[in-house]
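Have a look at the structure below, then the notes.
The values are calculated or read from the model by the stated rules, or taken from the named source; none is laboratory data. The structure presented is a predicted model; accordingly, all values stated were derived computationally and were not measured. Note that we place each Cβ from the backbone using ideal geometry, even for glycine, and neighbour counts take in every protein chain shown. Keep in mind that these areas ignore ligands, DNA and RNA; they rest on the heavy atoms of the full protein, side chains included. Shrake-Rupley method; radii C 1.70, N 1.55, O 1.52, S 1.80 Å.
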Amino acid sequence: FVCKLMADGSFAWACKLGSSVSSPGGGNAIGYDVALDPAGTTLAVSGTFTDTLITSPGNPVMLICASPVYNGFAITFNATTGDAITGGSLEGFSNSGCTAVAMDGAGGLYLGGTYSSITDFDPGISVHEVNSLMGMDGFILKWTGNTLDWVRTLHGTFGDAAVNDLCLDTGGNVLCTG
């Protein structure tokens, strides 16, 4: 789920992240991080899901997961109303997750997380596949709308690597930890 509480603690809105009732796989969605754009008008949520991800209520965004594993996602919402604006996901043959999200003032969405095996990092109809080297590898990427601007991958020397959090500095540079 994602929700907004006002400064005094009162409820503003909430949105379910989950699969449809009629979904044969049952699906699951887990939100890991949230971020606001510098103007405070757009909220981004990142996480991982299986099967089909649907936001409700408000304007629904549906992300269809073609493989029976966890895939990373990001969805943007109107921070005032909670209506979904757009969404994208990673597609692969093995698990991936978006554990960190940040936004810039020009509509850029920065994601960090983990992936394994062959994963498509492009949220649109184009394909940009990268193969992990050892188990779970880390990644940092930038999406603008439904377009992949760039992706960088991180590989562990003796095992897994992960990006657990990231942020942008005033120059638009990405800082991360894992």
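Need at least 1 residues that are open to solvent by 40 Å² or more (accessible area, probe 1.4 Å) and out of contact with any Lys or Arg (no Cβ under 9 Å at 6 or more places or on another chain) per element, so show me which strands (runs of 3 or more DSSP E) inside the stretch 82-178 make the cut, counting only ones lying wholly within it.
84-89, 118-120, 129-131, 137-144, 147-154, 165-168, 174-177
I want to confirm something. Restricting to the stretch 142-178 and keeping residues that are within 22 Å of Ala39 (Cβ to Cβ) and of a type in the set (A, V, I, L, M, F, W, C), which single residue is nearest to the chain's Cα centre (by Cα)?
Among those residues, the one meeting the criterion is Trp143.
Restricting attention to the stretch 82-106, report how many residues are of a type in the set (Gly, Ala, Ser) and touching a residue at least 40 places away in the same chain (Cβ under 8 Å).
Total satisfying the criteria: 9.
Out of all the residues in the stretch 81-115, which are at pLDDT below 90 and hydroxyl-bearing (Ser, Thr, Tyr)?
Thr86, Ser94
For residues that are closer than 18 Å to Phe73 by Cα and part of a loop (DSSP other than H, G, I, E, B), scanning just the stretch 1-22, find the one that is modelled with the highest pLDDT.
Step by step, filter the stretch 1-22, then rank; the result is Phe1.
Cβ-Cβ under 6 Å, sequence separation 6+ or interchain: first residue in the stretch 1-23 and within 18 Å of Asp33 (Cβ to Cβ), partner surrounded by 14 or more Cβ atoms within 10 Å (Cβ to Cβ) and modelled with pLDDT of 95 or more. Which pairs?
Qualifying pairs under 6 Å: Val2/Val45.
Among the residues of the stretch 64-81, which ones are open to solvent by 10 Å² or more (accessible area, probe 1.4 Å) and without any contact (Cβ under 8 Å) to a residue 60 or more places away in the chain?
Ile64, Cys65, Ala66, Ser67, Pro68, Val69, Tyr70, Thr76, Asn78, Thr80
Pairs, please: C-beta under 9 Å, at least 6 apart or cross-chain, first residue under 20 Å from Thr86 (Cα atoms) and in the stretch 128-156, second among the basic types (Lys, Arg)?
Close Cβ pairs satisfying both conditions: Ile140/Arg152; Leu141/Arg152; Leu148/Lys142; Asp149/Lys142; Trp150/Lys142; Val151/Lys142.
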